[in-house]
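Have a look at the structure below, then the notes.
Since every read-out is calculated from the coordinates, none of them should be taken as a lab result. Only a predicted model underlies this, so the values are computations on that prediction, with no experimental measurement involved. Cβ coordinates were reconstructed from backbone atoms using ideal geometry, including for glycine residues, and neighbour counts include every protein chain displayed.
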Amino acid sequence: MIRFSASKTHPADPSKKSALSSGSLALYFFCSASALGAIGSTTATAQPVAFTDARIIDGTGAEPIYPGTLVINNGRIVAAGAADQVTIPADARLLSLGGHTLMPGLVNAHGHAGGVRGLESGHYGEENLLRQLSLYADYGVTSVVSLGDDEAEGFRLRDSQNTPSLNRARLFVAGPVLNPASAEQAVALVDQTAALNPDFIKIRVDDNLGRTPKMAPEIYRAVSERADFHDIPLAVHTFYQQDTKDLLRAGADYVAHSVRDSHVDDEFVGLMRARDICYTPTLTREVSTYIYESEPAFFSDPFFTAGVESEILDTLREPERQQRMAQNSAAQQYKAALPVAMTNLKLLADAGVRIAMGTDSGPAARFQGYFEHLEMWMMQDAGLTPMQIIQSATGDAAACMNLNDTGTLEVGKWADLLVLSMDPLQDIRNTRSIEQVWIAGNQLPRPRF
Ligand SMILES: [Zn+2]
């Protein structure tokens, strides 16, 4: 199934800085952890808002516009462009940005929501979903595609979010991760899941580094065929290049993790390009598998600690726990796989494969909100330019995930916006300088230092 628009190639301009060694101070951070559950918003009114004196990065990859004007009304963008090209409605509320950057809200193409509280899973429910979607939103992640373990409450939130009163991240869902034992069962499970109307069907084709059985090809082929029958795109969790190639031949529509066992070859690139398949690196997922063997540098980053309960950090600092991770052979194998993943990201971006920023955040110790920023910083370490990264985290991520109503600052889209005080095109680490988050034209309240 081919539902993605034409790919764009990206120029390369590697940066040498390292995200993980970055110890720079956050200039801005927001709510205390205890306030994160209680996000309110100003209600959208009929009055238009005009952002003026903005440096507009629209998420399409186009050069920034300065000075730019963007007008929103009733939750949507109604005008955007160079200041001398946009007519501001007479009744608009004017908001001068003083040359600061206006860009689309971030789209996490691979997250999870609703299941984990603290470091413990099994807490799925609406209250937990809303708390996490507010946390994502606080960090400027205005859309999250949850690729699996979604239950009825998640579907309900997905179905009720097309409103100008929205004040949390948008949620898109896949339902359960399917793990059929036979081709017949594959058909039955896809049918059951399709009845829920998911945005994706999700499977895992992985042996956890040789430790568990892997889904057989005839089973994933049956899943793919049946997903096609229902016209639902198939998202695949993979690890090995050979499996991913075979999944692409079987009709998979989206590669939700990096190839991590080997460097991607021309055949792989050809299979991705032939159907313009999108690829999500989830570099921070690899980081999460080993980084807590000692205390990560980001534990002292105020931009991180503003969004996390300190008890979680206390637990992750426990020496026995750290030692267990340091001695875990899988953790050390994933650690070794990270440089392969980073090289593959650069190879694929250079080859014109569309990259959709995604983290696999949501499971324990994969921190929603902060990890999307860390992911972008690591994408810069991998050699992508800030503009490539912004596009992959906004317009391309949205297009890859079939989110047609968000992701760029184009007329008609939801007004899901960020204002940054520092220029992310100078250094993608400036994404930490979030001053304002708007979702469907509602500005989130942001206590700030
Ligand atoms: Zn995942």
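Listed by chain and number, the aspartates and glutamates placed with their C-alpha closer than 12 angstrom to that of residue 413 are 58, 405; residues fewer than eight positions away on the same chain are left out.
The calculated FRET efficiency for residue 196 paired with residue 262, based on their beta-carbon distance and R0 = 45 Å, is about 0.80.
From the square roots a ≥ b ≥ c of the eigenvalues of the alpha-carbon gyration tensor of the range 261-331, which class results: rounded (a/c under 1.5), prolate (a/b over b/c), or oblate? Verdict is oblate for the range 261-331. Give the calculated FRET efficiency between residue 326 and residue 402 to the nearest 0.05, with a Förster radius of 45 Å applied to their Cβ-Cβ distance. Efficiency for this residue pair is about 0.65. A Förster radius of 22 Å, combined with the Cβ-Cβ distance separating residue 152 from residue 179, puts the computed FRET efficiency at roughly 0.65. Coupling constants for the range 226-232 follow from the phi torsions by the Karplus curve (6.51 cos²θ - 1.76 cosθ + 1.60, θ = phi - 60°), and in residue order they are 6, 4, 4, 4, 8, 6, 10 Hz; glycine and proline get x. Sparse packing (at most 14 other Cβ atoms within 10 Å of the Cβ) combined with a DSSP loop state is found for none of the GluC sites (Glu not before Pro) in the range 290-387.
For the chain, the longest principal axis of the C-alpha atoms and the axis of helix 126-138 are separated by about 60°. Tilt of helix 370-381 relative to the longest C-alpha principal axis of the chain, in degrees (0 to 90, nearest 10)? Helix 370-381 sits at roughly 80 degrees to that axis.
Candidates 357, 329, 409 compared by Cα position along the dipole of the range 295-449: farthest toward the positive end lies 329, with charges placed on Cβ. For the chain, the longest principal axis of the alpha carbon atoms and the long axis of helix 183-194 meet at an angle near 20°. A straight chain from residue 162 to residue 212 at 0.36 nm per residue would run longer than the Cα-Cα distance by 13.9 nm. Judged by the mean number of other Cβ atoms found within 10 Å, the most tightly packed of the peptides 214-226, 428-440 leads the ranking 428-440, 214-226. State the percent of C-alpha pairs, over all pairs in the chain, separated by a distance greater than 32 angstrom. Every Cα pair in the chain considered, those over 32 Å come to 34 percent. Cα gyration tensor of the range 51-200, axes a ≥ b ≥ c as square roots of the eigenvalues: rounded (a/c below 1.5), prolate (a/b > b/c) or oblate? Since a/c reaches 1.5 and a/b is larger than b/c, the shape of the range 51-200 is classed as prolate.
Consider a paramagnetic label point 7 Å from the Cα of residue 446 along Cα→Cβ; state which residues of the range 102-120 have an amide N under 13 Å from it. Taking a point 7 Å out along Cα→Cβ of residue 446, the residues of the range 102-120 whose backbone N falls under 13 Å are 102-106.
Here the gap between residue 295 and residue 46, fully extended at 0.36 nm per residue and compared with their Cα-Cα distance, gives a gain of 84.7 nm.
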